[in-house]
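What follows is one structure encoded as structure tokens, with my remarks underneath.
Read-outs throughout are calculated quantities, based only on the coordinates presented, and are distinct from any laboratory measurement. Being a predicted model, the structure only gives us computed values, none of them experimental. Because the Cβ atoms are built from the backbone with ideal geometry, glycine has one as well, and the counts that use them run over all protein chains shown.
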């Protein structure tokens, strides 16, 4: 059932599905990974044995990276952003957010752009102190978060902190992310695995209906987000169609973007280089 994935691996144990991203040196959100994430979501939703989903990475430096920028250009050229329907990636995140199973992101490396949006769509997010970090760096490349980060952040953190994250473009280390409410907790790196395993296993021991209805009750506190995502897509479309985005992508790729060495440092360091 879960054995034919190439960019991720799935292991089930005691009602918990452990999903490990493993897509090259960055865990870049390219079409291969996104396509498998969409298929995985359908399988997990239909799997009655799974009560909790834990997402982690095989790469200690990268939990989940931003989108492969040429892919965004291809989507644009194919007219994908002209639709007034829910965008593909936003729809995937909403599917996980509304799925009647608990979801946890366990972050030991960098979660940037769409990767940070994925973490925010999870029910809970825990990160390793000194190693985990999140960032909405899209403004530096000339666009905005296409997966709905602005709406997620404004609801979770408030308007001012959402502005700091979306307009600043820099990395937020785990300790500050926890202080802001960006994640649940920052834990010592040597305690993260044990903490998440105990929590996930404990939740999975509860009745599936109780898990589903508790999650549904919490989700009642949030408005239906479909209209937000469609409106966000319109704003995103205006920027991704601009010449400035293409110019910045060309500069970014020419200077080592989308490589491990090129993206280890704080993303705000790209700001001067992409002007």
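Key figures
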item: Helix axis angle, 208-219 relative to the chain longest principal axis, alpha carbon, degrees; result: 40 degrees
item: Sum of -39500 (n - 2.57) over DSSP H runs of 4+, divided by residues of the chain (222 nm, nearest 500); result: -14500 deg cm²/dmol
item: With Cα atoms, 0 to 90° folded angle of helix 31-46 axis to the chain main axis; result: 20 degrees
item: Cα gyration tensor shape of region 194-275, rounded if a/c is under 1.5, else prolate or oblate by comparing a/b with b/c; result: oblate
item: Tilt relative to the chain, helix 88-98 - C-alpha long axis, 0 to 90 degrees, to 10; result: 30 degrees
item: Mean shadow area of region 136-180, taken as a quarter of the surface of its Cα convex hull (nm²); result: 2.9 nm²
item: Region 1-119 - share of DSSP beta bridges that are antiparallel (%, nearest 5); result: 30 percent
item: Mean-position separation - Cα centroids, region 61-136 and region 1-23, in angstrom; result: 17 Å
item: Ranked by how many other beta carbons lie within 10 Å on average, peptides 88-94, 103-109 from highest; result: 103-109, 88-94
item: Evaluated over region 54-97, the Cα radius of gyration and Dmax, each in Å; result: 13.6, 38
item: Cβ crowding within 10 Å averaged over residues, with 124-135, 37-48 ranked highest first; result: 124-135, 37-48
item: Cα-only radius of gyration and Dmax that characterise region 55-158, units Å; result: 14.0, 41
item: Antiparallel bridge percentage (DSSP; both residues within the chain; nearest 5); result: 25 percent
item: Where the Cα pairs of the chain fall when distances are cut into 5 Å bins, in %; result: 1, 6, 13, 18, 20, 19, 13, 7, 3, 1, 0
item: Relative contact order, percent, region 87-168 [alpha-carbon distance under 8 Å, six or more residues apart]; result: 28 percent
item: Relative contact order computed over the chain (Cα-Cα under 8 Å; 6+ residues apart), in percent; result: 20 percent
